[in-house]
Each structure stands twice: as structure tokens, then as C-alpha cells.
Amino acid sequence: REAPSRPPTKLLPVGSPVVAMAVSRIIKVAMLAALAPLSGAMSNHLEANPIRKVVTMLQAMQTKVTEEGEKAEEMFQKFMCYCKNSGGDLSGSIQAAELKIAELGPAIQGSEEKKLKTEEELKSDQDERMAAETAMAEATALREKEKAVYDQFMAESSPNLAALGKAIAAVEKGMAGGFLQTHAASVLRNFLSSSKDVMDTDRQELLAFLSAKEGDEYAPQSGEITGILKTIKDEMFAEEQETMATEAAAVKSFEELMAAKKKEVAALSKSIEEKLERIGLLGVKIAQMKNDLGDSAQSFEEDKAFLADIEKNCASKSDVHEEEKKMRAEEIVALADTIKILNDDDALDLFKKTLPSASMSFVQVESTSAEQRKQAMTVLAQVREHVQVSQGRHRIDIVMLALSG
């Protein structure tokens, strides 16, 4: 029997990305539609309408595609939320790094300038302390020399004054002869022989007096020797007092100088310690800020690169998602069009007429099956004309080969 003509099916454009997928599903349906009547007739003449089974299968496919689309949309929204949140966090981190880098640069420069100034002040303090210590050492050396001279003077002056005193007393008492034999007379002789402060005439007269033998008489009424001795003693005593006063003043000046210098050295030492500590702290601070600057710069560059990568991936994902949505929508439309075609009244009449009845013989069943395969071959040939090799045309060829076999 001739199959009634079917309304022309509206095919998708050849270049559509969903054609291959839709063709694959339609091929499976076509095979089931072509083979199901024969199988059903052989087992049970008319247990169920095969068209309804195919439609149900296509509707299940349509539902599955829709659910896949909803799931994909949900995952896409979660991914975009991640892109938004991560991008916002990275943008905040980048801004914070920029601000920190901008602050660290001047802070490092200021700390380095302060450290350099402190080092200069430290050098000045160290030089001043060294000068003070040098002054103390020089003053101490001078004081030691002055003290040695003073001690030597006093060591000579005191015995000489004592000898003069004893000589004056002996002469005034008329006991010159006894004095001449004493140690004091010997000291006085040595003094007169070496002293440059005694006039030569006085020295000669006194040495003559001291050289007199025991028993020689001296007339104290003249008072010449006594006068000379007293004059020399007074001069020596005055010189000794002046020397003692000079020594006392020198000692006082030295002590005042040493006290002032020690105070200066102590103050400078404290200042040096403070500056050394300040320089150390500034050095540590500068090193930490430089490390922080390096870390911030590295983090800044890494965050920028990561943000650019996220923006690129998110944009790419958005494009891919839109393309998948478009393909899925086209697939749903293709499935809907196929279901609509199969649900058409003409298609239903066609399949009813081609189904074998209970009174058909086995030969009639074979004849009906051959006609159905021929009709399926015609449909597949029409579809094949609109499908390229890259879109799955070989699958149609395989089905047509199977139907012709």
C-alpha cells in the first residue's frame, strides 16, 4: 500500500551546532519506529502503539535536556558568584597593596634619612668623647709632672729651711761651734754650694762661717751672719708658701677639670648608647619595611595577574555558557518539532495503516515490514541531504545500510 504523504518537516540550518546531536537522537527514533512494528507483529500483533512509545522517549529526552540546562544554569550562577566575590576580594587586596606600597616608599626614605643623621650625630659624640678623654689624659700627665716637681722642691726646701732655722738659733745663742758639727750644718753647706738664689758675697761669708773650726768665736753683736741667714730663710719660706699655694691651685684646677670632663664623658657615653640603640632599631625597621615592600609588591603583581586570569576565565565561561544555552535550546526545539511531527494525525494514520492486523499472514507481515523499511529509507535519505560528514552523516549511512540489508 502507498503511504499517505506527510507534511514537510522543517529542518534546522545545516551550520547549526545542534544538528549533529539532534540527528543522532532522530536516527535512534527512526530505527525504533521502523523496526518496532515488525517486532511487535511477530510477538503480539497489536499490544501497544509504537508511536506513543517513541513520543514518550522523546519527551523523556526533552525533560532530561531541560533538567541538564537548569543544573548547568545553577552551576554557572555559583561560578559567577565565585568570580564576583573573588574578584572583589582581589580588587580590595590590590588596592590595599597599592596604598601600602605608596606609604612604605616615603616611610623607608624618611627612616633612612633619620638613620643617616643619627649616625652623623653619633660620630660627633664619639669624637667629642675621645677629645674629652684625651684632655683628661693630658691633664693627668701634666699634673703628675707638676706634682713631681713640687715634691722635689718640697723635698729640698723643707730640710734647707729646717737647717737655716737651726743655724739661726745656734748663732743667736752663741753655740755656733756646736752647730757646725751637726747634720743641719752639712745640709746648709750643700744648699749654699748649689743654690743660685743666694748672692755670691753672702754665699762666701756663710761658707766661711760654716767652715770655721770648733772653738772659734763668733760675735753675735755684729749680726751679719744672723741677718744673712734670716734673709735667706724668709725668702725660701716665701717661695715655699708660694709654691704650695700654686700646687694647691693646680690640684684644685685639675680636680675641677677632671670632674667636668668625667661628667662630659658620661653624658656623651649615654648619648652614644642611645644613638647606637636608635640606629639599631632604625636599621631593623628599615629592613622590615623593605621586606614588607618587597612582599607587598610581589603580592600586588600576583593578585593583578590572578584577577586578570579570573576575569578572563569568567568571561570565557560566560561565553561558553551562553553557547551551551543556545545549543540546548536548539536541541529542545528539535525534540519538540520531532514530537509534534510524530503526534500529527497524518503520522498516526500512517502508522496505523502500516501496522499488521491480526488476520494478516506471515507473508503480509513481511510485506508490511518491507514497506516500512522503504519509507524509513526515504526519510533518512531526505535527512542525509542536509547533514554534512562532520555532523554525523556516517551514522545515517549505517542505519540505511542496516535497513537495506
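The values are calculated or read from the model by the stated rules, or taken from the named source; none is laboratory data. Owing to the predicted nature of the structure, the values given are computational and were not obtained by experimental measurement. Accessible surface is based on the protein model in full, side chains and every heavy atom, while ligands, DNA and RNA are left aside. Shrake-Rupley method; radii C 1.70, N 1.55, O 1.52, S 1.80 Å.
Below, the figures for the structure above:
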quantity: Probe 1.4 Å - accessible area at Asp127, Å² to nearest ten; calculated: 70 Å²
quantity: For Thr246, solvent-accessible area (1.4 Å; no DNA, RNA or ligand), Å²; calculated: 90 Å²
quantity: Note, ³J(HN,Hα) from phi for region 123-131, Karplus 6.51, -1.76, 1.60, rounded to Hz, x at Gly and Pro; calculated: 4, 4, 5, 5, 5, 5, 5, 5, 5
quantity: Ranking by accessible area, most exposed first, for Arg129, Arg143 with a 1.4 Å probe; calculated: Arg129, Arg143
quantity: Area accessible to solvent at His183, 1.4 Å probe radius, in Å²; calculated: 140 Å²
quantity: Using θ = phi - 60° and Karplus 6.51 cos²θ - 1.76 cosθ + 1.60, couplings along region 291-307 (whole Hz; Gly, Pro as x); calculated: 5, 5, 5, x, 5, 5, 5, 5, 4, 4, 5, 5, 5, 4, 5, 5, 5
